[in-house]
Amino acid sequence: MPCDTIQTTTVDIGKVDHKLLMLALSALGLNPRLQGDAIYFQNGVYSIADKQLDLRGTNVESRSAELKRAYSCEVVKTTAKKFNWQWKQVENNKFQVVKRSF
(Lines give C-alpha, C1' and ligand atoms only; values in the text may rest on other atoms or scores of the structure.)
Protein backbone atom coordinates (compact mmCIF):
# COMPACT_ATOMS: atom_id res chain seq x y z
CA MET A 1 0.00 0.00 0.00
CA PRO A 2 1.41 3.41 -0.89
CA CYS A 3 2.47 5.57 2.02
CA ASP A 4 0.00 8.32 1.07
CA THR A 5 -3.05 6.01 1.34
CA ILE A 6 -5.55 6.63 4.12
CA GLN A 7 -7.89 3.82 5.14
CA THR A 8 -11.36 4.96 6.18
CA THR A 9 -14.10 2.70 7.53
CA THR A 10 -17.71 3.67 8.25
CA VAL A 11 -19.28 2.07 11.32
CA ASP A 12 -22.98 2.22 12.16
CA ILE A 13 -23.01 2.55 15.94
CA GLY A 14 -26.77 2.99 16.18
CA LYS A 15 -28.59 5.66 18.11
CA VAL A 16 -26.33 7.61 20.43
CA ASP A 17 -26.69 10.81 22.36
CA HIS A 18 -24.04 13.09 20.90
CA LYS A 19 -23.41 14.76 24.29
CA LEU A 20 -22.61 11.38 25.86
CA LEU A 21 -20.49 10.50 22.85
CA MET A 22 -18.49 13.70 23.42
CA LEU A 23 -17.90 12.64 27.05
CA ALA A 24 -16.84 9.14 25.95
CA LEU A 25 -14.42 10.52 23.35
CA SER A 26 -12.98 12.87 25.96
CA ALA A 27 -12.56 9.98 28.40
CA LEU A 28 -10.55 8.16 25.73
CA GLY A 29 -8.37 11.24 25.21
CA LEU A 30 -9.46 11.76 21.60
CA ASN A 31 -10.04 15.54 21.90
CA PRO A 32 -13.54 15.79 20.38
CA ARG A 33 -14.94 19.05 19.03
CA LEU A 34 -18.45 19.76 17.87
CA GLN A 35 -18.59 21.56 14.55
CA GLY A 36 -21.91 21.96 12.81
CA ASP A 37 -23.69 18.61 12.76
CA ALA A 38 -20.54 16.55 13.24
CA ILE A 39 -18.15 15.62 16.02
CA TYR A 40 -14.53 15.60 14.94
CA PHE A 41 -11.92 13.74 16.96
CA GLN A 42 -8.51 12.19 16.58
CA ASN A 43 -8.65 9.83 13.55
CA GLY A 44 -12.39 10.08 13.07
CA VAL A 45 -15.65 11.94 12.68
CA TYR A 46 -19.22 11.21 13.79
CA SER A 47 -22.08 12.63 11.71
CA ILE A 48 -24.97 13.50 14.01
CA ALA A 49 -27.44 13.76 11.12
CA ASP A 50 -26.44 10.45 9.45
CA LYS A 51 -25.64 8.55 12.70
CA GLN A 52 -22.43 7.29 11.05
CA LEU A 53 -18.99 6.99 12.59
CA ASP A 54 -16.05 7.25 10.20
CA LEU A 55 -12.75 5.94 11.56
CA ARG A 56 -9.40 6.33 9.81
CA GLY A 57 -6.39 4.13 10.32
CA THR A 58 -5.93 0.57 11.53
CA ASN A 59 -7.65 -1.65 14.14
CA VAL A 60 -11.04 -0.11 13.41
CA GLU A 61 -13.00 -2.97 14.99
CA SER A 62 -11.15 -2.80 18.29
CA ARG A 63 -11.29 1.01 18.32
CA SER A 64 -15.06 1.03 17.70
CA ALA A 65 -15.56 -1.58 20.45
CA GLU A 66 -13.46 0.55 22.82
CA LEU A 67 -15.59 3.56 21.96
CA LYS A 68 -18.80 1.61 22.58
CA ARG A 69 -17.49 0.55 26.01
CA ALA A 70 -16.57 4.14 26.90
CA TYR A 71 -20.02 5.31 25.75
CA SER A 72 -21.68 2.64 27.92
CA CYS A 73 -19.69 3.85 30.92
CA GLU A 74 -20.93 7.39 30.32
CA VAL A 75 -24.52 6.11 30.08
CA VAL A 76 -24.17 4.39 33.47
CA LYS A 77 -22.64 7.48 35.09
CA THR A 78 -25.22 9.86 33.64
CA THR A 79 -28.17 7.63 34.53
CA ALA A 80 -26.90 7.21 38.09
CA LYS A 81 -26.57 10.98 38.48
CA LYS A 82 -30.01 11.56 36.96
CA PHE A 83 -31.74 9.27 39.46
CA ASN A 84 -29.47 10.20 42.39
CA TRP A 85 -28.05 6.69 42.66
CA GLN A 86 -24.73 5.94 44.27
CA TRP A 87 -22.17 4.41 41.93
CA LYS A 88 -18.55 3.45 42.04
CA GLN A 89 -16.24 1.89 39.54
CA VAL A 90 -15.10 -1.51 40.83
CA GLU A 91 -13.03 -2.51 37.80
CA ASN A 92 -12.27 -1.17 34.38
CA ASN A 93 -15.69 -0.84 32.68
CA LYS A 94 -17.48 -2.39 35.69
CA PHE A 95 -19.63 -0.38 38.09
CA GLN A 96 -21.57 -0.96 41.26
CA VAL A 97 -24.79 1.07 41.32
CA VAL A 98 -26.97 1.34 44.43
CA LYS A 99 -30.44 2.83 44.38
CA ARG A 100 -31.15 4.84 47.51
CA SER A 101 -34.52 4.26 49.13
CA PHE A 102 -35.99 6.99 51.29
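The values are calculated or read from the model by the stated rules, or taken from the named source; none is laboratory data. Predicted model, so just to flag it, every value in this text is computed and none were measured. Don't worry about glycine lacking a Cβ; one is built from the backbone with ideal geometry, like all the others, and counts go over all protein chains shown. Surface areas here come from the heavy atoms of the whole protein model, side chains and all, with no ligands, DNA or RNA. Shrake-Rupley method; radii C 1.70, N 1.55, O 1.52, S 1.80 Å.
For the residue pairs 19/81; 15/99; 15/77; 19/68; 19/99, alpha carbon separations beyond 21 Å are given by 15/99; 19/99. In the full protein context, the chain carries 70 Å² of accessible surface per residue, based on a 1.4 Å probe and ignoring ligands, DNA and RNA. Angle check, please: helix 60-82 long axis (alpha carbons) against the longest principal axis of the chain (alpha carbons), in degrees 0 to 90, nearest 10. Around 30 degrees separate the two axes.
Dividing the summed -39500 (n - 2.57) terms of all DSSP H runs of n ≥ 4 by the residue count of the chain sets its mean residue ellipticity at 222 nm at -11000 deg cm²/dmol.
The GNM of the chain, with springs linking C-alpha atoms under 10 angstrom apart, assigns the highest mean-square fluctuation among 61, 91, 74 to 91. Considering only 86, 20, 72, the residue lying farthest towards the positive end of the dipole of the chain is 86, judged by Cα position with unit charges set on Cβ. In the chain, the portion of solvent-accessible area held by carbon and sulfur atoms comes to 49 percent [1.4 Å probe, whole percent, DNA, RNA and ligands not counted]. The angle separating the long axis of helix 18-27 from the principal Cα axis of greatest extent in the chain is about 90 degrees. Among 31, 59, 92, the largest mean-square fluctuation in a Gaussian network model of the chain (Cα springs under 10 Å) belongs to 92.
Taking 38, 70, 49 in turn, the Gaussian network model of the chain (Cα-Cα springs below 10 Å) assigns the largest fluctuation to 49. This model, with +1 at the C-beta of Lys and Arg and -1 at the C-beta of Asp and Glu, gives the range 13-102 a dipole about its Cα centre of some 500 debye.
Hey, got a sec? Which trypsin sites (Lys or Arg not before Pro) in the range 11-83 land in a DSSP loop and have at most 16 other Cβ atoms within 10 Å? Please report the intermediate quantities before stating the final value.
Details: sites: 15, 19, 33, 51, 56, 63, 68, 69, 77, 81, 82; in loops: 15, 51.
Of the trypsin sites (Lys or Arg not before Pro), the ones in loops of the range 11-83 whose Cβ has at most 16 other Cβ atoms within 10 Å are 15, 51.
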